[in-house]
Amino acid sequence: MKRKSARRARASNRKPAGKTAARFRIRYSCPPDLYDPKSYSHVVEVEGGRLLFVSGQVPVNAQRQLTSRDFREQVGRVYDNLETVLRSVGAGFGNVVKTTNYLTDIAQAKVFREVRDARFAHVKTRPASTTVVITSLVEPEFLLEIEVIAAVPAR
């Protein structure tokens, strides 16, 4: 089953003099010759919007203190941090078009997917996604890091 959906929004209420304002459009798709992964999209196209590049977030609080050594709790904290960053620029998980996930233990992939899927449960379409297993992060206590790219209407 192929997913082909689009969310549309106006780029701005103001139109530049002599020009028509560009339409903001995101299209998610899975090519018919590939499998449909359900939890992410193979392709995300952005037209007429701004791209937001969010630095990798790690499981620390506002004082940069590790919040837990438990993997599930670290994943939750990272998603909390991502949500805080996205909200600070008027965006949310529905605006995320690409995630890059760095895990230090492949055995935790199932737990990671469970938490990720819960955080994106309210989103109609799923972002493109890459997960990489690495030996360590900048702090050995960090068990994962996630960076995202989001798209919002042009100003």
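The values are calculated or read from the model by the stated rules, or taken from the named source; none is laboratory data. The structure presented is a predicted model; accordingly, all values stated were derived computationally and were not measured. Note: ideal-geometry Cβ built from the backbone for every residue, glycine included; neighbour counts use all protein chains shown.
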Expected single match for over 19 Å from ASN61 (Cα atoms) and either among the aromatic types (Phe, Trp, Tyr) or not in a strand (DSSP E or B) (or both) among THR135, THR100 is THR135
In the range 104-148, anything in contact with a Gly (Cβ under 9 Å, 6 or more places away or on another chain), among the β-branched types (Val, Ile, Thr) and closer than 18 Å to THR67 by Cβ is listed as VAL115, ILE146
The number of residues in the range 86-101 that are surrounded by fewer than 19 Cβ atoms within 10 Å (Cβ to Cβ) and in contact with a Ser or Thr (Cβ under 8 Å, 6 or more places away or on another chain) is 1
Log entry, pairs with first residue in the range 129-155 being over 19 Å from GLU47 (Cβ atoms), second being among the basic types (Lys, Arg) and outside any strand (DSSP E or B), beta carbons closer than 7 Å, six or more apart or on different chains, reads GLU141/ARG69
All conditions in (1) surrounded by 15 or more Cβ atoms within 10 Å (Cβ to Cβ); (2) charged (D, E, K, R); (3) modelled with pLDDT under 95 are true of ARG64 except (1)
Taking the conditions exactly as written (over 12 Å from the mean Cα position of the chain (by Cα) and aliphatic (A, V, I, L, M)), does ALA109 satisfy them or not? yes
ARG50 fails exactly one of (1) surrounded by 12 or more Cβ atoms within 10 Å (Cβ to Cβ); (2) part of a strand (DSSP E or B); (3) under 12 Å from the mean Cα position of the chain (by Cα), namely (3)
For the range 49-61, pairs from a residue that is farther than 8 Å from VAL78 by Cα and touching a residue at least 40 places away in the same chain (Cβ under 8 Å) to a residue that is surrounded by 16 or more Cβ atoms within 10 Å (Cβ to Cβ) and among the small types (Gly, Ala, Ser), with Cβ under 6 Å and 6 or more apart or across chains, are GLY49/ALA151; LEU51/ALA151; LEU52/ALA150
Scanning the range 53-73 residue by residue, the ones that are part of a helix (DSSP H, G or I) and either in contact with a strand residue (DSSP E or B) (Cβ under 6 Å, 6 or more places away or on another chain) or basic (Lys, Arg) (or both) total 1
Screening ARG27, ARG7 for residues that are in a strand (DSSP E or B), surrounded by 10 or more Cβ atoms within 10 Å (Cβ to Cβ) and either of a type in the set (Ser, Thr, Tyr) or at pLDDT below 85 (or both) leaves only ARG7
> Residue check: is LYS15 at pLDDT below 85 and in contact with a Ser or Thr (Cβ under 8 Å, 6 or more places away or on another chain)?
Replying inline: no
